[in-house]
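Chemist: I have a structure I would like to understand better, so I am pasting it below and will then ask my questions one at a time.
The values are calculated or read from the model by the stated rules, or taken from the named source; none is laboratory data. Note that the coordinates shown come from a computational prediction; the quantities given were computed from them, not determined experimentally. Here the Cβ positions follow ideal geometry from the backbone for every residue, glycine too, while neighbour counts run over all protein chains shown. Only protein heavy atoms, including side chains, enter the accessible area calculation; ligands, DNA and RNA are left aside. Shrake-Rupley method; radii C 1.70, N 1.55, O 1.52, S 1.80 Å.
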Amino acid sequence: MQFSARTRIALAAAAAVLAFAVIGQDFRGAWLSQYIYASASSSADPKPPGQSAAKPNSAPETAQKEKPKPAALARRVVEYHIDVRLDAESKTLRGEQTVTWTNPGAKTVAELYFHLYPNAFESPLTTFMRESGGKLRNDRATPESVGGITLHSIIAEDGENLLPRLQYVSPDDGNPNDRTLARLRLSQPVPPGGSVTLRMRFDVKLPRVFARMGYAGDFVMAGQWYPKIAVYETRGTRGRKQEGWNAHQYHGNSEFYGDFGIFSVKIRVPENYKTAATGFLAETPKIEDGVKTYHYYADDVHDFAWAASPDFLYSEESYSAKGIPGVRIKLYLDPLHAHLRERYMHAAKSSLAKYAEWYGAYPYTTLSIVVPPKGAGGAGGMEYPTLITAASAEEESPGFELERTVVHEIAHQYWYGMVASNEFEEAWLDEGFTSYAEDKVMDAIYGITPNLPVEAVWLTDPAPLAQVSWKYRDHEHYAENVYLRAKLVLLGIERRAGERKMRSILRTYFQTYKFKHPSTRDFQRVVEKVTGADWDDYFDAFVYGGQAADVAIESIRISPVESDDRRAYESVVALTRTGAWTGPVPVVLQFADGTTSTHIWEGDSASGEIRVVRPQPVAWAAADPNRTNLLDNRLYNNFLKAELPRTTRNRWNLGAVKALETIIARLGW
């Protein structure tokens, strides 16, 4: 999932201005990156790829001779056969599904859990609405953003309707008004390796598009729309000691977690509509009595999403590269962005090529990109297996937020899609890894490099990364940590291990755990295996703990001394460290005559001193001038002028940090 460019830029600008003011004129050039943080285009950005005026190919979609994979890539626990019809007038989905669940564990299972995500929009009293306040990113719910899912029947193989057995449960917060999770007691328990098949009939009332699903005019985004079986974790999965269900409500911060399986889905829409969906077309769409039927198939995926609109301008290209044996990139453009076709395609191809080169092969035959229309921002910037949504077409000539969103969402195909992290409980393993990968592609392909010192200043409230998503204070706190701080933690590993070794770490992690739902501990084991070093202190401080790594110039004391019968000065620079140790700290001293010297403070204690005797006194001192410590979020105390009285400095620092906190609190993410 991606955040708005406008807010990021405003926040970055405010932080940069304040950082400039605090650090002081002499030291600014020592650490400031040559690039601004470019979530959108600016005069400093490189020119985007040429905007092709070629009209997208609007020929009817046709099925190619694609077949299910000869060998499963994942353990297929679920199999869905769904038939859904869009009632365009009432904005309702009417569905039937036959779902088969195979018990992957070693114990007999007597009940199933179902996620009923559309019920998050039933009322302001649901857990999602209470925690989010009716807002997600810059998207706000409207009075029309009300919807839900109604189950009409659940038929077992013996013909019994199990619907009366269904119970809505709220294991996370006990909210009696939340119906996003349900428990179903089965009439016949499922033994290890055995299966149960249920036939279900349901309706979904779509809300006005908000938080990943709904409608905007004739546009429909169906994300998290069907009754979805929760994940049954076997012993050893993500370090689990006892097997059992991993089932949570739909929270304001959390995203999703699912078991791999097979989806065969028929989507029936008015004949003038086009659809985009997970997987590939199993047959060419058919029209009968004014209804067009699409049949999609996908295997080794853990979710299924689709979008529909009569206004889509459809285009596709085949693409092959190393690690990409052949993929059909399917683009569903909003008419406002018809002239931007080449930019979308370029971003998609570049992303696929780089991720395949760095991490491993993209094994699917399709990748669909949906561009939501203006006003449907709630559907934009989201990932689903083999399908992503770009930012909505709010303006005719967007800046680099177009490329950045596509690059970000395609990275999710690796960390969310194939590695399939548990986003309820360890969201950083997806969002942090995706943000890291996104920056790497934006730098490699477009020459856009983030200003990491400014980004570090955004971290006003560090918190543990390996915790359930709803434990963060609010969505801003969640985003600050699982996106930004998580990315900086990964970059911290890279700075210590080296870029080449980091590439090996991520490739090994992906290759080892694709299709396996790994945990934070699994990732740490990979880091330690590849580097041959112990990383407990680092992970304890920055992943399992919420520490920062602040290094400060506490004071500069100057005393005249006699040296070789000549007048000299002893300068004593006092340093302090708050939080975890990230390695030795370089300290630059500039003297009154303009000369400089560099010293290394080991930083392995809470405080230390650097003493020098020179003909000239120290004029200023700067800790970590090249910003090797990316987890120092208090840059204002890295620099100190000798002549500034301590009381004045303390008062200035306090005012600066309060001002920065106010800016960040008001702008948010």
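Chemist: Arrange the peptides 633-639, 516-522, 384-390 so that the one whose residues have, on average, the most other Cβ atoms within 10 Å appears first.
Modeler: 384-390, 633-639, 516-522
Chemist: A follow-up question, please. For the chain, what is the mean residue ellipticity at 222 nm derived from helices alone (per DSSP H run of n ≥ 4: -39500 (n - 2.57); sum divided by total residues; nearest 500 deg cm²/dmol)?
Modeler: Helices in the chain give a 222 nm mean residue ellipticity of -7500 deg cm²/dmol.
Chemist: Can you list the residues, at least 5 places off or on another chain, whose amide H is less than 5 Å from the amide H of Ser153, using H built in the peptide plane?
Modeler: HN-HN under 5 Å from Ser153: Arg201.
Chemist: Would you mind computing the Rg to Rh ratio of the chain from its alpha-carbon coordinates, Kirkwood style for Rh?
Modeler: 1.02
Chemist: Would you mind classifying region 132-196 by shape? Square roots of the alpha carbon gyration tensor eigenvalues, ordered a ≥ b ≥ c; an a/c under 1.5 is rounded, otherwise it is prolate if a/b is larger than b/c and oblate if not.
Modeler: prolate
Chemist: Ranked highest first by average number of other Cβ atoms within 10 Å, how do 565-572, 410-417 line up?
Modeler: 410-417, 565-572
Chemist: At a Förster radius of 60 Å, what calculated FRET efficiency corresponds to the Cβ-Cβ distance of Thr595 and Ala361, to the nearest 0.05?
Modeler: Here the calculated transfer efficiency is 0.65.
Chemist: I want the local charge near Arg500. Using Cβ-Cβ distances under 15 Å, sum +1 for each Lys or Arg and -1 for each Asp or Glu among the other residues.
Modeler: Once all neighbours under 15 Å are counted, the net charge is +3.
Chemist: Name the shape class, rounded, prolate or oblate, that the alpha-carbon gyration tensor gives for region 234-360, where a ≥ b ≥ c are the square roots of its eigenvalues, rounded holds for a/c under 1.5, and otherwise prolate holds if a/b is larger than b/c and oblate otherwise.
Modeler: It is oblate, given that a/c is not under 1.5 and a/b is not larger than b/c.
Chemist: Please compute the modelled spin-label separation between Asp443 and Asp83, points set 7 Å along Cα→Cβ, answer in nm with one decimal.
Modeler: 5.3 nm
Chemist: A further question follows. Consider a paramagnetic label point 7 Å from the Cα of Trp245 along Cα→Cβ; state which residues of region 399-436 have an amide N under 19 Å from it.
Modeler: Counting backbone N atoms under 19 Å from the label point, the list is 422-425.
Chemist: Taking only the Cα atoms of region 420-494, how large is their convex hull per residue, in Å³?
Modeler: 93 Å³
Chemist: Could you rank the peptides 355-365, 339-349 by their average count of other C-beta atoms within 10 Å per residue, with the highest value first?
Modeler: 339-349, 355-365
Chemist: Rounded to the nearest percent, how much of the accessible area of the chain (1.4 Å probe, protein heavy atoms only) is carbon and sulfur?
Modeler: The nonpolar share, carbon plus sulfur, comes to 49 percent.
Chemist: How big is the Rg/Rh ratio for region 378-445, C-alpha atoms only, Rh by Kirkwood, two decimals?
Modeler: Ratio of gyration radius to Kirkwood radius: 0.99.
Chemist: When the chain is fully extended, how far beyond the present Cα-Cα distance does Arg235 get from Thr628, taking 0.36 nm per residue of separation?
Modeler: Value of the extension gain: 137.4 nm.
Chemist: Counting only the backbone N, which residues of region 612-628 are under 11 Å from the spot 7 Å out from the Cα of Arg566 toward its beta-carbon?
Modeler: The answer is 614-616.
Chemist: Can you give the FRET efficiency for Ser318 and Leu151, using 1/(1 + (r/R0)^6), R0 = 30 Å, r = Cβ-Cβ distance, to the nearest 0.05?
Modeler: Taking R0 as 30 Å, the efficiency between Ser318 and Leu151 is 0.15.
Chemist: Turning to a different aspect of this structure: Could you work out how far apart the two model spin labels at Arg557 and Asp534 are, taking each label as a point 7 Å from the Cα in the direction of the beta carbon, and quote it in nm?
Modeler: 3.6 nm
Chemist: Still on this model: Could you size up the charge dipole of region 525-608 around its Cα centre, putting +1 on the beta carbon of Lys and Arg and -1 on that of Asp and Glu, and report it in debye to the nearest 20?
Modeler: Its charge dipole is roughly 200 debye.
Chemist: Relative to the present Cα-Cα distance, how much length would full extension add between Gln167 and Arg199 at 0.36 nm per residue of separation?
Modeler: 9.8 nm
Chemist: Give me the distance between the Cα centres of region 209-261 and region 72-90, rounded to whole Å.
Modeler: 14 Å
Chemist: Simple spin-label model, 7 Å along Cα-to-Cβ: Glu476 to Glu96 in nm?
Modeler: In this crude label model, Glu476 to Glu96 measures out at 5.0 nm.
Chemist: Per 10 Å bin, what percent of the C-alpha pairs of region 190-258 does each bin hold, from zero upward?
Modeler: The distribution over region 190-258 is 14, 35, 31, 16, 4, given as percents.
Chemist: So what's the angle, to the nearest 10 degrees on a 0 to 90 scale, between helix 486-497 and the longest Cα principal axis of the chain?
Modeler: Its long axis makes an angle of about 60 degrees.
Chemist: Let me ask you something else. Calculate, for Glu395 and Arg140, the FRET efficiency according to 1/(1 + (r/R0)^6) with r their C-beta to C-beta distance and R0 22 Å; round to the nearest 0.05.
Modeler: The pair Glu395/Arg140 has a calculated efficiency of 0.70.
Chemist: Express the accessible area of the chain per residue in Å², computed with a 1.4 Å probe while the remaining protein chains stay in the model.
Modeler: It amounts to 38 Å² per residue over the chain.
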